[in-house]
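**Student:** Quick one: the structure is below, and I'll ask about it shortly.
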Amino acid sequence: MKVQWQKLFIKTSVWLTAEILLNVIGLDNLADYSEFMVNNQALSQVTQAFSHLITLVI
């Protein structure tokens, strides 16, 4: 497997630049919060499903 160093460097540079820019603007926190809310909602749905399952068993 041959690593394409130039392509890897460009992708890493673009990603790092975007992270720094979004962090300075404050949008990175907003993206992190929205990701947290999606994960939190999924956890809530799983908890609710287990609760219904336990209720049906008992």
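**Student:** Add -39500 (n - 2.57) for each DSSP H run of 4 or more in the chain, then divide by its residues: what number comes out at 222 nm, to the nearest 500 deg cm²/dmol?
**Tutor:** Working: 2 runs with 52 residues, N = 58.
Here the helix-only value at 222 nm equals -32000 deg cm²/dmol.
**Student:** Roughly how large, in nm² to one decimal, is the mean projection of the convex hull of the alpha-carbon atoms in the chain? Spell out each step's value before the answer.
**Tutor:** Working: hull surface 28.4 nm².
Across all orientations, the chain yields a mean hull projection of 7.1 nm².
Quick note: the coordinates plus some simple rules give every number you see, no bench work behind them. Keep in mind that what you see is a predicted model, and the values were worked out from it rather than measured.
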